[in-house]
Structure formats: C-alpha cells, structure tokens
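S.K.: Below you will find the structure I want to go over with you.
The values are calculated or read from the model by the stated rules, or taken from the named source; none is laboratory data. This one's a predicted model, so the numbers in the text were calculated from it and none came from an experiment. Positions of Cβ are generated from backbone atoms using ideal geometry, with glycine treated the same way; all protein chains shown enter the neighbour counts.
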Amino acid sequence: MNRAALTSRLAAFARSSLFWPVTVLVAMLLGNVIFTHGFLAIHVRQGHLYGSLIDILLFGAPLILVALGMTIVIATGGIDLSVGATVAISGALACYLISKGHGLFVAIGVAVVASLLLGAWNGLLVTRLGIQPIIATLILMVAGRGVAQLITGGQIITINDQDYKLIGGGYWLGLPFAIILVAIALGVTVALTRRTALGMLLESVGGNAEASRLVGIRAAGLIVLAYAFCGLCAGIAGLMISSNTLSADGNHAGLWIELDAILAVVLGGTALTGGRFSLAGTVVGALIIQTLDTTIYTAGIPPRTTLVFEAVVVTIVCLLQSPAFRAKVMRRRRRRAKEPAPATSKQEVTA
Amino acid sequence: MTAPVLEMDGISKGFPGVQALDDVAFRLFPGEVHALMGENGAGKSTLIKVLTGVYEADAGTVAIDGRGTVIHGPLHAQRLGISTVYQEVNLCPNLSVAENVFIGRQPRRLGRIDWAEINRRAAELLARLDLDLDVTAQLGTYSLAVQQLVAIVRAVDLNAKVLILDEPTSSLDRGEVGRLFAVMRRLKDDGVAILFVSHFLEQIYEVCDRVTVLRNGRLVGEYPIGELTRFDLVAKMTGQELASLEELEEATPEAVQGERLFTLEGVGRAGAIDPVDLDLRAGEVVGFAGLLGSGRSELARLIFGADHADSGRIRTDEGPVSIRTPRAAIDRGVAFCPEDRKGDGLIMDLTVAENIVLALQAARGWLRPLSQRRRDELVDEYVKALRIQPPNPDMPVRNLSGGNQQKVLLARWLITRPRLLILDEPTRGIDIGAKTEIQKLVVSLAADGIGVVFISAELEEVLRISHKVEVLRDRRLVAELRNDGSLTPERILQTIANGDADT
C-alpha cells in the first residue's frame, strides 16, 4: 500500500517538468564525488557550516535571485537584459554612499529603491511605449553600465564596513546570510505569485495577451510590476556581490549575469514564449549552472576548455528538456529494438 | 465544353475531432472563373490547401489535364501549374516590382543576374494585363491592390493553368476590385482557370461563371451562376432547406419587454461596420444573422469594447456610457465569448479551473484572490451545471473537446453574473449534443433576465432561440425582424440576399 503510493508519487514526479532538471542536478553532484572525495560532505567549523554544497548555494545566491525576477518577467512573455547593469548600479550606489559616510540602512535603502525604479522604467518602456522587451531592456543594459561607472567615478570603490559584509559574505545561525536571504526571497516570491492571483494573471497575460485583454485583465500594471520586481531582485543581488568583496566595480559586477539568469529559467522548464512558469525549476536551473562552475574548478578542467565544457553540458540539458528530442530518441531506440528481425530476414533473401 | 483542367474526386480530410472534408468533388475548366462558396468551417480553405499540396488528403483523387496526380507540396503544385494568391500578399515590399515577379528564378547571364532582362520581361508581362507600373519602383510604394495584381502576374508567369485567388478582394475598394476583375477576365480569355473565393455576393455574380457550394465539409453542389438565384445560393451555403421549416415554427420564443440595458445610437467603425441603432434588453435574446464578413462579429466587438467605435454612442437609461475597453464593458456587466475561442478566448496553458475563474479574478484584481474554498465551490458548481467533460478542473483546458472548451468559456462569464452576454458562434464546430445543451442554456439564461446577443451562421439556430433577429449584410445592419411566430428562415434568407426587409 505504502509502496504503491510511493511509486505513484514517483511516477507523477517523472512526468512533471521538474524531473529532468532535478535529474541532471543530482547526476552532476554525484559525478563530482568521483573527482572529489567528500564532495557531498558538510562540516561544522567554528559554528559555521562548510562544504562544497554550501559553496554552491552561496556562490549561486545572486544568480538564483536574479533568475527569480527573470522568471516573472519571462512569464509575461518578456525578457530583461538589464539585470546585470542593475546589479552594478545597486552595488555602486550602496558602496558609494557607505564610502561617503552614510549609514548602512540609508545606503541599502537607496540602492534597493533605485533598482526597483530601474525595473519599473523597463516596464513602462514596454507597456506605455510598446517597445519590444528585448530592445527596451537593452537600453538600460548598455546605459546602466555607464551610470554605474559615473557613480563609482570610473574607479573600483572599496569600503571597510563589516556590517555590510554580512549580506553577501557573513554568517547567521551557522549559515551564510546570502543563502538565508535567497530562501526568504524565494518564499516571498512564491507567496506573492501563488497565494495571490498574481501568478495566474501573469501566466494568462504571457500565455495569450489578446484573450487576457478580452477577459478584462489590465496587463500594463501587471507587466510593470513584473519588471519592477525583476529590478528589485537584481538590486539585492548587486548588494550581495558588492558586499562579498566589499567593493563596487561598475565594469564587471554582474557582467553577463542576465544570460546565466535566462539560461537558468529555461533550464528550469519555463518557456521563453511566456505563460506557465516554475520558480522551483528556476532555482534548480540556477543551481545546475553554479554546480557546473564549481565542477570546473574542483575537477581541475583546464581554464581554456571551460567554456566548451559548459556549452556541452548546457546543450545536453536543453536536449533532455525537449520533448521533441526525447520522442525522437525513444522512437529510434524502439526502431532499433525492432529492426534486427527484418534485417536478418533480408540477409537471407539476398543470400 | 472542353475537358476539365482540374478534377478532384472523393476528397476527404479529417483532423482530430473534425472531418473537414467528406467526399468532396470539384472540377475546374479552362477559361472559367469558378467561385468556391461556403460559410466558416465549410471546408473551403482545407480544399484549397489540399489542392496546393499544403495538406495531403486522406482519400480521393486529383487529376490535372486528365492525368491522375499526387500533389506533394506547394512547390510541386506550382510546377504542376497551380498557383495561389492569398489575401495577404506574400511578396517583398522592399524589392522592386520586377524583382518580385522573378524572385527565386532570376534569368542569368554569364552567371550573373541579368537585370535588363528582368525589367524588360516584367514590363512585358504587366503590359499584357494592361498594368502600367514602373517595374523598377519598390513594390511597397504601390497600394495593396496593385501589389495583389503583381502577385497575380507572378503567379501567371509561373505558367499557371489554375490560378487560386483566396479572398483577394476583402481589403480592396470598389475601383480596385474593378481593376482586379479586368485582369481576371483577361486571364480567363487566355484560357486560365480561376478559382475565386470571396464573401461578397455581388462580386460572385459579377465575375464568376460557375459556383461550387460546400457546407460542413460536404459538397452541396455545382451550379452555373445564371441558374442560381442569390436566395438559393445563400440557402445552400447556410443549409436552410425549405423542407425543414415546419419543425421550427413551434419553437418560437415569446416576446419579452425587459428593462433596457443598452441602446446603441449610430455606433459604428470605419471598415468594420456602418453605424447601427440597436436596443438591447434584459431577458431578450437578439440574434445577429448574416454571412461571414457581414459585420456581425465586428458589431459584437464594438459593444464589448474589444474594438473602438469611431462613431455614435452607447446609452443606458441613466445616460451615455463610455465603453472603450473590455474592462469597461465587463464593469458594466457585459460578457463576451469570442468567435475564435482558442485564439481570443481560452488561455491554453492554464487549467479548466483557472480559465473558469479568470474573468472574476481579473475583476477583483490580483491582490484579492478568491479563497481556495470559494474557488473550488464555484468551479465545481459550473462544471456540474454545464456538464463539462471530463469533470476534472485541474486538467489543462487544451485537452478538452471543442464543445467542452466552449462550456468553460460560458462558465467563466456566468460566474461574473453578467447582465448582457454576447456569444459569437458559440456552437460552431461542436457536436450536436453540446450544441443543444448550449442553446437550452441560452434560453434559460434569458428567462432569468440576462440579455443575450447570439451570433450564428445557422439561421435555424438563430430563429429557434432569438426574440428578434438583426440582419447584417456587407457591413451594414439592413433589417430588424421580430420573431413573432411568422418569421421564417426563408424571410431571413431573403433579407440577407436582397439587403432589405420588404422583399
């Protein structure tokens, strides 16, 4: 009885969209054990948790945050290329204000509000002016780096504020604070989208914009909200990144993170065309990317081949995700299983 | 008459859930313009797609010049001499006229494209059809009508024996249509067989020699145009055999005089529907009758605010109201099930339950979600009441049959408790059982005091449940007929065919 319930639960999971991403993640983690003994081990040192798994979560925290926001935007049928720039601006603002002697909370507050406004700006470009999302956010992607450099004065600002360090590099209750922050962000996002009607309405707008209009959904407000939320997530990620190194680098902070975030969303099973989205999938997708990075370091893969290695893994994951590809492989396997019999009979005929 | 250039026989084509073509025969002779007529879903486009090789027929034969052929694809069809010009011009507006005529088969000389030759030959072709154009000008600088003519020139130069014109006139004005017809007549004299699809009756009678009528995927018949009155043509397209009149008479609904919900005063939109005056009352079913393209859906969309009216105003008894968006219409108690339920109605990604609560949730806003319990109750109630099959609210709506999808749409609006419900072709393409259920539902909703606008291509259905019938034709409201017991499908047909109520 219990076993039957378990197998049916497992069968349901095997059909769910989370199955392949989770399988890949688990396979990668197990694969690492071959290279690195004790890869999965977690130790307690000085009351803090240490281990490769913790590292993956910690280093992956900014990406998970950015990808969460990206998921919401992609659900509406949009995309946000400007998150990397927002990461840079947010970090630059916070560090600049701290370096000028402003309080920690002022610095963080200004950075967070600024990121929110940058996101809302994207949303307004998309809804009010009807600019295609990829173009609208490209504007801020390019211009935002310039803004970040204006704030830092073209330099890398370094600060020495151990309280600020907590966000991205500190510990709380034995865990890296960044991981706790991400867990809270995930919880809030899930609550915001699934405990209210926001998730359903976003999926409706992204799934069929015209039908949504005819059912009376005011899409513009929802879309601005989605971009603003995405900006907010990127802003917090920016704080994390700058806090971890206690410095703000307008040029390199969050560089290309938008592409990783989009990849994480896609790996997690959310379609770029909008509609149904999966926050859990996105988290798994981001963890796959981070695990891949970690693997490259721990397995000692030569730096010049890392990009190729990444490309191969990502391609495999995407192919596994594609129902069309899986169907093709299955068909071929079935055909191969069937073929031997006729093949031998043919031989007999020719012989 | 000579031998037919094209002969299709016993053509059948099915899609999951619908038999689009069932044993259809079609002939085309050289030097004739042949109209293919039928309402939405009659199978016109499927037949054309079989002919152009887009679809492969499940059964049946195609013979060209008397030789049996299998058409493998659009390119193969073109090689066999079958060319098509669609409603939307499939050319490149940023290339020159001459380039468009020869694109993909440029004459070459010494391995280079021979531009002089292209321009010379294009000019020659155009001159043959009395078209005076600058062949080196960009195609996009000419009107849509001229672009269409260039598309025809291109098609004809591909040695077309059969030219298919699929609704080429729907976006042309009168003068442009005349020009197109002149070209068609010239091609006809050259022996080209033309298959012409149009929703405008006038044009069919002006330019065509014969007509083939399809209905519900079946062949109704093939007639010389001179032997078929407009009345008969409309009757054959809509399936109103006069023999079936008797059984309808008893079903006439009683007249009601409910409270006035909305009054339309000269509401219209250029290019969609001429200004219309109309009263919509509580408890009254108003049928919109008319052929496809008559403006019946366009009028419905104006009432719902799906399109902006550019003339007139809508009043309630309290005064004028502004309905410029669906949101505004919904807030005033209007609900709308669009004709294209997959494209404009349902969100295919979402579940049955989500689709059902969507309109209500959109009205409440995202911050005030329905409680899980309330939501389950509502969904349960309507899944049961409308007998949605399978009764599983968590199933993706895309997996339901057409009739059940329609019921989901109805449920979506019914839980918002609308005062006016607009149904655009709610019974099209669904099985007879679901159809009757929906008709019964409409009648009982009206009895409960909801005003209903009911649009259908089937006059029998309109007559059965409507209190009054608005007849539309060529984008105009031409008559309002009260369903007082003496109204017959014949009279509606007559009005559609002749354009006024008195004949």
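S.K.: Of all residues in the range A:167-194 being surrounded by 21 or more Cβ atoms within 10 Å (Cβ to Cβ) and small (Gly, Ala, Ser), which is modelled with the highest pLDDT?
M.R.: Here the residue is A:178.
Residue-by-condition table, conditions (1) touching a residue at least 60 places away in the same chain (Cβ under 8 Å); (2) surrounded by fewer than 16 Cβ atoms within 10 Å (Cβ to Cβ); (3) not in a strand (DSSP E or B); (4) not polar (S, T, N, Q):
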site	(1), (2), (3), (4)
B:22	yes, no, no, yes
B:31	yes, no, yes, yes
B:34	yes, no, no, yes
B:55	no, no, yes, yes
B:62	no, no, no, yes
B:72	no, yes, yes, yes
B:78	yes, no, yes, no
B:90	yes, yes, yes, no
B:94	no, yes, yes, no
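S.K.: Can I ask one more? Identify all residues within the range B:363-400 that are of a type in the set (A, V, I, L, M) and either assigned to a helix (DSSP H, G or I) or modelled with pLDDT of 95 or more (or both); write none if there are none. It would help to see each step written out before you state the result.
M.R.: Let us first name the residues in the range B:363-400 that are of a type in the set (A, V, I, L, M), namely B:363, B:367, B:370, B:378-379, B:383, B:385-386, B:388, B:395, B:397, B:400.
Within the range B:363-400, B:363, B:378, B:379, B:383, B:385, B:397 meet the criteria.
S.K.: Related question: I'd like the full set of residues that are hydroxyl-bearing (Ser, Thr, Tyr) and not in a helix (DSSP H, G or I), limited to the range A:176-206. If you could, list the steps in order and put the result at the bottom.
M.R.: Step one: filter the range A:176-206 for residues hydroxyl-bearing (Ser, Thr, Tyr), giving A:189, A:193, A:196, A:204.
Hit for the range A:176-206 is A:196, nothing else.
S.K.: Only one of (1) within 11 Å of chain A (Cβ to nearest Cβ); (2) closer than 24 Å to residue A:193 by Cα; (3) under 30 Å from the mean Cα position of the chain (by Cα) fails for residue B:415. Which number is that?
M.R.: Among (1) within 11 Å of chain A (Cβ to nearest Cβ); (2) closer than 24 Å to residue A:193 by Cα; (3) under 30 Å from the mean Cα position of the chain (by Cα), residue B:415 violates only (1).
S.K.: Among the residues of the range B:391-413, which ones are without any contact (Cβ under 8 Å) to a residue 40 or more places away in the chain and crowded, with 20+ Cβ neighbours inside 10 Å?
M.R.: Listed by number, the residues that qualify are B:403, B:404, B:407.
S.K.: Out of all the residues in the range B:363-377, which are among the hydrophobic types (A, V, I, L, M, F, W, C) and either farther than 18 Å from residue A:205 by Cβ or more than 7 Å from chain A (Cβ to nearest Cβ) (or both)?
M.R.: B:370 - this is the single residue of the range B:363-377 that is among the hydrophobic types (A, V, I, L, M, F, W, C) and either farther than 18 Å from residue A:205 by Cβ or more than 7 Å from chain A (Cβ to nearest Cβ) (or both).
S.K.: Residue B:255: modelled with pLDDT under 85 and not in a helix (DSSP H, G or I), yes or no? Write out each step before concluding.
M.R.: Details: modelled with pLDDT under 85: yes; not in a helix (DSSP H, G or I): yes.
It is true that residue B:255 is modelled with pLDDT under 85 and not in a helix (DSSP H, G or I).
S.K.: From the list B:324, B:313, which residue is free of Cβ contacts under 8 Å to residues at least 24 places away in the same chain, within 18 Å of residue B:274 (Cα to Cα) and surrounded by fewer than 23 Cβ atoms within 10 Å (Cβ to Cβ)?
M.R.: Of the residues listed, the single one that is free of Cβ contacts under 8 Å to residues at least 24 places away in the same chain, within 18 Å of residue B:274 (Cα to Cα) and surrounded by fewer than 23 Cβ atoms within 10 Å (Cβ to Cβ) is B:324.
S.K.: Can you find a residue that is assigned to a loop (DSSP other than H, G, I, E, B), buried (at least 17 other Cβ atoms within 10 Å of the Cβ) and either of a type in the set (Val, Ile, Thr) or assigned by TED's automatic domain parsing to the domain that holds residue B:427 (or both) anywhere in the range B:352-362?
M.R.: Checking the range B:352-362: not a single residue is assigned to a loop (DSSP other than H, G, I, E, B), buried (at least 17 other Cβ atoms within 10 Å of the Cβ) and either of a type in the set (Val, Ile, Thr) or assigned by TED's automatic domain parsing to the domain that holds residue B:427 (or both).
S.K.: So, one more: Applying the selection to the range B:349-362, what residues are facing another protein chain (nearest Cβ under 7 Å) and under 31 Å from the mean Cα position of the chain (by Cα)?
M.R.: Result: B:349, B:350, B:354, B:358, B:359, B:362.
S.K.: Give the residues of the range A:163-184 that are without any contact (Cβ under 8 Å) to a residue 60 or more places away in the chain and among the β-branched types (Val, Ile, Thr), sorted by residue number.
M.R.: A:180, A:184
S.K.: Now for a different question. Suppose we filter A:243, A:212 for residues that are over 18 Å from the mean Cα position of the chain (by Cα), away from chain B (no Cβ under 14 Å) and small (Gly, Ala, Ser); which single one remains?
M.R.: Values: A:212 fails: away from chain B (no Cβ under 14 Å).
Within the list A:243, A:212, the selection yields A:243.
S.K.: Tell me, which residue of the range B:306-342 that is under 25 Å from the mean Cα position of the chain (by Cα) and in a strand (DSSP E or B) is nearest to the other protein chains (Cβ to nearest Cβ)?
M.R.: Per the stated criteria, the residue is B:336.
S.K.: Filter the range A:214-228 for residues that are surrounded by fewer than 23 Cβ atoms within 10 Å (Cβ to Cβ) and not aliphatic (A, V, I, L, M) and give the result.
M.R.: A:218, A:221 - these are the residues of the range A:214-228 that are surrounded by fewer than 23 Cβ atoms within 10 Å (Cβ to Cβ) and not aliphatic (A, V, I, L, M).
S.K.: Here's a check for you: in the range B:378-390, which residue that is of a type outside the set (D, E, K, R) and surrounded by fewer than 18 Cβ atoms within 10 Å (Cβ to Cβ) is nearest to the other protein chains (Cβ to nearest Cβ)?
M.R.: B:390
S.K.: Quickly run through the range B:422-455 and pick out the residues that are at pLDDT 95 or above and either within 14 Å of another protein chain (Cβ to nearest Cβ) or surrounded by fewer than 23 Cβ atoms within 10 Å (Cβ to Cβ) (or both).
M.R.: Within the range B:422-455, B:422, B:423 qualify.
S.K.: Have a look at B:330, B:347 and point out the one that is among the aliphatic types (A, V, I, L, M), within 22 Å of residue B:282 (Cβ to Cβ) and crowded, with 17+ Cβ neighbours inside 10 Å.
M.R.: Within the list B:330, B:347, the selection yields B:330.
S.K.: Go through (1) surrounded by fewer than 17 Cβ atoms within 10 Å (Cβ to Cβ); (2) within 30 Å of residue B:425 (Cα to Cα) for residue B:39 and report which single condition fails.
M.R.: Checking residue B:39 against (1) surrounded by fewer than 17 Cβ atoms within 10 Å (Cβ to Cβ); (2) within 30 Å of residue B:425 (Cα to Cα), the one that fails is (1).
S.K.: Taking the range A:6-31 only, how many residues are under 15 Å from residue A:287 (Cα atoms), among the aliphatic types (A, V, I, L, M) and assigned to a helix (DSSP H, G or I)?
M.R.: 8
S.K.: Counting only residues that are among the hydrophobic types (A, V, I, L, M, F, W, C) and out of contact with any Ser or Thr (no Cβ under 8 Å at 6 or more places or on another chain), which one in the range A:268-282 is farthest from the other protein chains (Cβ to nearest Cβ)?
M.R.: Looking at residues that are among the hydrophobic types (A, V, I, L, M, F, W, C) and out of contact with any Ser or Thr (no Cβ under 8 Å at 6 or more places or on another chain), I get A:280.
S.K.: Quick check: is even one residue across the range A:220-232 outside any helix (DSSP H, G or I), touching a residue at least 12 places away in the same chain (Cβ under 8 Å) and within 10 Å of another protein chain (Cβ to nearest Cβ)? Break it down into steps so the answer makes sense when it comes.
M.R.: Applying the first criterion (outside any helix (DSSP H, G or I)) to the range A:220-232 yields none.
Looking for residues that are outside any helix (DSSP H, G or I), touching a residue at least 12 places away in the same chain (Cβ under 8 Å) and within 10 Å of another protein chain (Cβ to nearest Cβ), one finds none in the range A:220-232, hence no.
S.K.: For a quick check of your reading of the model, give me the residue pairs whose first member lies in the range A:143-162 and is in the same structural domain as residue A:245 (by TED's automatic domain parsing) and of a type in the set (S, T, N, Q), whose second is crowded, with 16+ Cβ neighbours inside 10 Å and part of a loop (DSSP other than H, G, I, E, B), with beta-carbon atoms closer than 6 Å and at least 6 apart or on different chains.
M.R.: A:149/A:250; A:152/A:250
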